[in-house]
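Below is the structure I would like to discuss, written out as structure tokens.
The values are calculated or read from the model by the stated rules, or taken from the named source; none is laboratory data. What you see is a predicted model; the values in this text were computed from it and never measured. Cβ: placed from backbone, ideal geometry, glycine included. Neighbour counts: every protein chain shown. Please note that ligands, DNA and RNA were not included when accessible areas were found on the heavy atoms of the full protein model with its side chains. Shrake-Rupley method; radii C 1.70, N 1.55, O 1.52, S 1.80 Å.
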Amino acid sequence: MKDGVFMEFFKTVKERYSHKERFLPDEVPTDVLRSIAEAGLAAPTGNNTQCVKLVILKNRSQVQKLCDVVPTEGMLTAPAAIALLTDSEGHKSPYNFEVEDYSSAATQMLLAATALGYASLWLDSPYFDENNQKAALAVLGASSRYHLRVVLPIGLPDGDGSRRSKLTFDERVFWENMA
């Protein structure tokens, strides 16, 4: 075991939070966005269907087009974002693992952003609305074959950012049974 590597991983896991405040206007370098995207694409997929597709919005003007559809707090100052879509028709498995696949990809991308010193937030509820979904797909240049699942605004936080408290380990974990 390489203690330093494991310590860095667990530190990243503990430091990750949902950044709901302002971002600095600093541009996110293309190589950083690529690294975050690659972390998402490396996530496991059910039956290796690889149904998750990504659209990287690498500057504020591109992010603003999505904000024009739904002006969510987390996107209003983000200098970049990555949209996670699933391909509803592209998989050849009799089972549909879209939810598991995009959840896994998004989680790995959030951790990658944190490890690289950036903040992010999982935004999905604005796109539950069918009209918002259609408008966002149009902005992203995606056909109705795709479903926008999550948008991750990415940037440097403008301040520390608030963190919600978590229940303790003992409040959420049971050994052998819940009795």
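Can you find even one residue in the range 45-55 that is surrounded by 15 or more Cβ atoms within 10 Å (Cβ to Cβ), part of a helix (DSSP H, G or I) and over 16 Å from the mean Cα position of the chain (by Cα)?
Residues of the range 45-55 surrounded by 15 or more Cβ atoms within 10 Å (Cβ to Cβ): 45-46, 49-55.
Still in the running and part of a helix (DSSP H, G or I): 46.
Subset that is over 16 Å from the mean Cα position of the chain (by Cα): 46.
Yes, that holds for at least one residue.
Can you pull out every residue in the range 67-80 that is modelled with pLDDT of 95 or more and of a type in the set (A, V, I, L, M, F, W, C)?
Ala78, Ala80
Now, a different point. Does Arg149 satisfy the criteria of being open to solvent by 70 Å² or more (accessible area, probe 1.4 Å), modelled with pLDDT of 90 or more and either closer than 23 Å to Thr49 by Cβ or small (Gly, Ala, Ser) (or both)? Walk me through how you get there before you give the answer.
Working: open to solvent by 70 Å² or more (accessible area, probe 1.4 Å): no; modelled with pLDDT of 90 or more: yes; either closer than 23 Å to Thr49 by Cβ or small (Gly, Ala, Ser) (or both): yes.
Against the criterion (open to solvent by 70 Å² or more (accessible area, probe 1.4 Å), modelled with pLDDT of 90 or more and either closer than 23 Å to Thr49 by Cβ or small (Gly, Ala, Ser) (or both)), Arg149 does not qualify.
Any idea which of Ala113, Ala42 is surrounded by 15 or more Cβ atoms within 10 Å (Cβ to Cβ) and touching a residue at least 40 places away in the same chain (Cβ under 8 Å)?
Working: Ala42 fails: surrounded by 15 or more Cβ atoms within 10 Å (Cβ to Cβ).
Answer to the selection: Ala113.
Report yes if some residue within the range 131-143 is within 21 Å of Val70 (Cβ to Cβ), more than 19 Å from the chain's Cα centre (by Cα) and surrounded by 15 or more Cβ atoms within 10 Å (Cβ to Cβ); otherwise report no.
For the range 131-143, residues within 21 Å of Val70 (Cβ to Cβ), more than 19 Å from the chain's Cα centre (by Cα) and surrounded by 15 or more Cβ atoms within 10 Å (Cβ to Cβ): present.
Pairs please, first residue from the range 56-82 and without any contact (Cβ under 8 Å) to a residue 12 or more places away in the chain, second anywhere and of a type in the set (Ser, Thr, Tyr) and surrounded by 17 or more Cβ atoms within 10 Å (Cβ to Cβ), Cβ atoms under 7 Å, 6+ apart in sequence or on different chains.
Note: no pairs meet the criteria.
Give the residue that is nearest to Cys67 (Cα to Cα), with candidates limited to residues of the range 116-128 that are open to solvent by 30 Å² or more (accessible area, probe 1.4 Å) and in contact (Cβ under 8 Å) with a residue 24 or more places away in the chain.
Taking the range 116-128 as the starting set, the residues that turn out to be open to solvent by 30 Å² or more (accessible area, probe 1.4 Å) are 116-118, 122, 124-125, 128.
Going one step further and asking which of them are in contact (Cβ under 8 Å) with a residue 24 or more places away in the chain, we end up with 116-118, 122, 124.
Working: Leu116: 25, Gly117: 24, Tyr118: 20, Trp122: 15, Asp124: 13 Å.
Filtering the range 116-128 for residues that are open to solvent by 30 Å² or more (accessible area, probe 1.4 Å) and in contact (Cβ under 8 Å) with a residue 24 or more places away in the chain, the one nearest to Cys67 (Cα to Cα) comes out as Asp124.
Restricting the search to the range 87-113, which residues are of a type in the set (Val, Ile, Thr) and either modelled with pLDDT of 95 or more or in contact with a Leu (Cβ under 7 Å, 6 or more places away or on another chain) (or both)? Working first, answer last.
Narrowing the range 87-113 to residues of a type in the set (Val, Ile, Thr): 99, 107.
Correct list: Thr107 only.
Any idea which of Glu8, Glu38, Glu15, Glu27 is within 14 Å of Gly155 (Cα to Cα) and of a type in the set (Asp, Glu)?
Numbers: Glu8 fails: within 14 Å of Gly155 (Cα to Cα); Glu38 fails: within 14 Å of Gly155 (Cα to Cα); Glu15 fails: within 14 Å of Gly155 (Cα to Cα).
That would be Glu27, the only listed residue that is within 14 Å of Gly155 (Cα to Cα) and of a type in the set (Asp, Glu).
Are any residues in the range 152-179 at positive phi and open to solvent by 70 Å² or more (accessible area, probe 1.4 Å), and if so, which ones?
Across the range 152-179, the qualifying residue is only Glu176.
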